Amino acid sequence: MPRTRLVAGNWKMHGSRASNNALLEALVSGAGRLSGAECAVCPPFPYLQQVSDRLRGTPLAWGAQDLSEHAQGAYTGEVSAAMLCEFGCRYVIVGHSERRQLCGESDARVAAKFAAAQAAGLVPILCVGETLQEREAGRTEEVVGRQLAAVLEKSAIGTAVLAYEPVWAIGTGRNATPEQAQAVHAFLRKKVSGATRILYGGSVKAQNAAAIFAMPDVDGGLIGGASLVAQEFIAIAQAAAAGAARAGERIGI
Ligand code: PEP
C-alpha cells in the first residue's frame, strides 16, 4: 500500500521567537521543493501560535511534542489534546524516549496519551526504541514489541504514525545503519496496518537520509537536531520525496 512519506521535526526545548521566525521563513521558502513528502514541525508549546500563524496556508504541518492523557482538570503544567487542536496541530509526538527516561513515562501512560490524542482527532507519532544495553542484550524486538503492544491493547493504530527511535542513536551522531533500521521496521510492520507510516529517528542528517529512506519499510523520519537547520531539514525532506518517487517507480505508480 503506498504511504505518503513524512518528515517531522522535533525541535525539543530549542528556539526563541526570533530564531523560530528565521527558521520558519527559510522552511516556507524551501517548501516549494518538498513535493512528494509531507513535512511537519513540532515546536515547544509556547511557540505553537507563532508556528500556526506562519505555516497556515502553506504545505507544512505542525504538531506538539507531548500532551496530557487527561481532558482537563487540576494537572498543573499539562496541556490537553483539545488545546493542541485549538492551535491547528495535526500531529503530536507521544512516548519520546526523553519523556520515558527523564519524566518516567510508563508504557501505560504513553498508551493513555496515544488514546487521548486519537480521540481528539490528532495524529499521534508514537515513539518506540531500545537502549544500547537492550540492543546488546539482543532485546530490541522484545522492547519495541512491548512498547507497541501497550498501545495496541487500548487503541487501533490505523493511520497514526510509528517512529522507531533507537535511544542510542538519538542526539549522539551515531545513526542506525539502514539495514538495522529496516530490520526493526520490518518487525514492526507486521504488527500494524498497511496504512501506518513507520518513521526512523536517531541522528538523521542530510548526508545519511537517502540511504535510510531507501529501505522498503522506512516511510520517512523523525528529526531532532537537524530539524533546527533549515537547509538540513529541507534536504532530508527532499531525500524522502526522492525515495517516494523511486518506490513509486518500483511498484508502478
Ligand atoms: C529525536 O529527538 O526524536 C531525534 C531523532 O533526535 P536527533 O535527530 O537529534 O537524533
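Quick note: the coordinates plus some simple rules give every number you see, no bench work behind them. The shown structure was predicted, so the numbers you read here are calculated from the model rather than taken from an experiment. Heads up, the Cβs are rebuilt from the backbone with ideal geometry, glycines too, and the neighbour counts pull from every protein chain shown.
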Can you check what the net charge comes to around ALA169, using other residues whose Cβ is under 12 Å from the Cβ of ALA169 (Lys, Arg +1; Asp, Glu -1)? +1
Within the under-12-Å Cβ sphere about HIS96, not counting HIS96, Lys/Arg +1 and Asp/Glu -1 give a net charge of 0
Among 59-66, 148-155, the order from most to least packed when residues are scored by Cβ within 10 Å on average: 59-66, 148-155
If we sort 26-34, 166-174, 181-189 on the protection proxy, mean other Cβ atoms within 10 Å, highest first, what's the order? 181-189, 166-174, 26-34
How high is the relative contact order of the stretch 1-136, in percent, with contacts defined as C-alpha pairs under 8 Å that are six or more residues apart? 20
Once you place label points 7 Å from the Cα toward the Cβ at LYS190 and THR4, how far apart are they in nm? 3.1
Let me check the size of the stretch 105-253 from its C-alpha atoms; what are the radius of gyration and Dmax in Å? 15.1, 43
When only C-alpha pairs under 8 Å and at least 6 residues apart count, what is the relative contact order of the chain, in percent? 23
Non-local amide H neighbours of GLY221 (under 5 Å, H modeled in plane, Pro and chain starts lacking H): which ones? LEU6, VAL7, ALA8, TYR200
Starting from the Cα gyration tensor of the chain, multiply each eigenvalue by 5, take the square root, and state the resulting semi-axes largest first in whole Å. 24, 24, 17
If you take the beta carbon distance between ALA214 and LEU102 as r and set R0 to 22 Å, what does 1/(1 + (r/R0)^6) give as a FRET efficiency, to the nearest 0.05? 0.10
What fraction of the Cα pairs in the stretch 91-145, stated in percent, has a spacing above 19 angstrom? 32
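Hey, fewest Cβ within 10 Å first, where do CYS39, CYS103 land in order?
Fewest-to-most ranking of CYS39, CYS103: CYS103, CYS39.
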